[in-house]
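Visitor: The structure under discussion is supplied below as C-alpha cells; questions concerning it will follow.
Computed from the coordinates by the stated procedures, all read-outs in this text should not be read as laboratory data. What you see is a predicted model; the values in this text were computed from it and never measured. Methodologically, a virtual Cβ is constructed for each residue, glycine included, from the backbone with ideal geometry; neighbour enumeration extends over all protein chains shown.
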Protein chains: 2
Amino acid sequence: MSDYPSVTLRVALGPETLLGPGKADLLAGVAETGSIAAASRRMGMSYKRAWYLIDTLNGCFREPLVLSSKGGSAGGGAALTDTGRAVLDLYRRLQRNAATAVAADLHELATLAAPAPP
Amino acid sequence: MSDYPSVTLRVALGPETLLGPGKADLLAGVAETGSIAAASRRMGMSYKRAWYLIDTLNGCFREPLVLSSKGGSAGGGAALTDTGRAVLDLYRRLQRNAATAVAADLHELATLAAPAPP
C-alpha cells in the first residue's frame with residue numbers, strides 16, 4: 001500500500017482469530033501462485049512464517065482455508081478451499097466498504113497532517 | 001476491546017504517519033487524565049513508550065496534538081491541543097462509521113469462524 005491517505009481494517013473474530021491485510025495478501029498469494037512457498041517469496045516472508053500463519057488461520061475457521069499437498073509428480077502445491085475463497089472475498093469487501101464509508105473524514109484528517117518531506 | 005466480532009481501523013496519512021487504536025486510546029487517556037504518565041499507566045504502557053508515541057505523533061501533524069509542561073506547583077501535566085482533539089474525534093468517527101458500514105459482512109464472516117473454546 002503506497003497511496004496516502006489510506007485505511008486498513010483488522011478483523012477480530014475471537015481473541016485468537018485475527019485477520020488483517022497481511023493474512024489476506026497471503027491467502028491471495030496462495031490462490032494466485034498455487035504454492036505457499038511462492039506466495040511467501042512474493043511477500044518477502046519466510047516460508048516458515050507463511051506456513052505458521054496459514055496453519056493458525058486453518059484452525060480458526062470451521063473448515064481449513066488452505067489445503068496443501070506435498071511432493072508427487074507436480075511437486076506439491078496449495079490452494080484455497082471454498083471457505084478460504086469466501087473468507088478472502090468477504091475480507092476484501094469489508095476493506096473496500098470501510099474505505100468508501102470513511103473517505104470524506106479521511107480526507108479531512110489528512111488536511112491536519114504535516115506535508116510529506118520532499 | 002473484548003467484543004467479537006469487531007473491526008479496528010488503521011489510518012496511514014503518510015509512510016510515517018500512522019494512527020490506530022493504541023495511539024487513539026493514548027490521546028484519549030491524556031485528555032481524560034491530564035497527564036502522559038497517568039495515561040500510560042492506565043494502558044499498562046511504559047512512560048517512555050507513551051512519550052515516544054506522543055512525540056512522534058506531534059511531529060506528524062501541522063500542529064502538535066499534545067502539549068505538556070514539566071514541574072511547577074501543579075507538578076506538570078499534559079493536554080490535547082485543538083488539533084489533538086480534532087484528530088481524536090475524526091479517528092473515532094472513522095472507526096464508528098467503518099464498523100457500521102461493514103456490520104453485515106462482518107456477521108457473515110463470523111459465521112465461518114470456529115466456535116470459541118468453552
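Visitor: In percent, how large is the relative contact order of chain B, given Cα pairs closer than 8 Å and 6 or more residues apart?
Guide: Values: 113 pairs, mean separation 28.6, N = 118.
Averaging sequence separation for qualifying contacts and normalising by length gives 24 percent for chain B.
Visitor: So if R0 is 22 Å, what FRET efficiency would B:T81 and B:K48 give, r being the distance between their Cβ atoms, rounded to the nearest 0.05? Write down the numbers at each step before the final one.
Guide: Working: r = 22 Å, r/R0 = 1.01.
In this case the efficiency is close to 0.50.
Visitor: Under the convention of a label 7 Å out along Cα→Cβ, give the distances in nm from B:G59 to the same position in every other copy, shortest first.
Guide: Ordered by increasing distance: 4.0 nm.
Visitor: Residues of the range B:47-69 with amide nitrogen under 17 Å from the 7 Å Cα-to-Cβ point of A:A114?
Guide: Under 17 Å, as judged by backbone N against the label point of A:A114, lie B:51-68 of the range B:47-69.
Visitor: Follow-up question, since we're still on this one. Rounded to the nearest 0.05, what FRET efficiency is calculated for A:D55 and B:T100 with R0 set to 45 Å and r the Cβ-Cβ distance?
Guide: Numbers: r = 33 Å, r/R0 = 0.74.
Efficiency computed from Cβ-Cβ geometry: 0.85.
Visitor: Here's a follow-up. Can you tell me what percent of all Cα-Cα pairs in the protein assembly as shown are more than 23 Å apart?
Guide: Values: 15883 of 27730 pairs.
Within the protein assembly as shown, distances greater than 23 Å cover 57 percent of Cα pairs.
Visitor: Here is a follow-up. Round to the nearest 0.05 the FRET efficiency obtained for B:T33 and B:R93 when R0 = 22 Å and r is the Cβ-Cβ distance. Can you show the working numbers first?
Guide: Details: r = 23 Å, r/R0 = 1.02.
It comes to 0.45.
Visitor: Still on this structure: What are the lysines whose alpha-carbon lies under 26 Å from the alpha-carbon of A:K48, with same-chain residues fewer than 8 places away excluded?
Guide: Partners found: A:K23, A:K70.
Visitor: If you take all C-alpha pairs in the range A:1-83, what percent of them are over 23 Å apart? The partial results should precede the final answer.
Guide: On the way: 815 of 3403 pairs.
The calculated P(r) of the range A:1-83 puts 24 percent of pairs beyond 23 Å.
Visitor: Within chain A, what's the longest stretch lacking trypsin sites (Lys or Arg not before Pro) that sit in DSSP loops with no more than 10 other Cβ atoms inside 10 Å? Could you put the intermediate results ahead of the total?
Guide: Values: sites that count: A:R62, A:K70.
The segment A:1-61 is the longest one with no such site.
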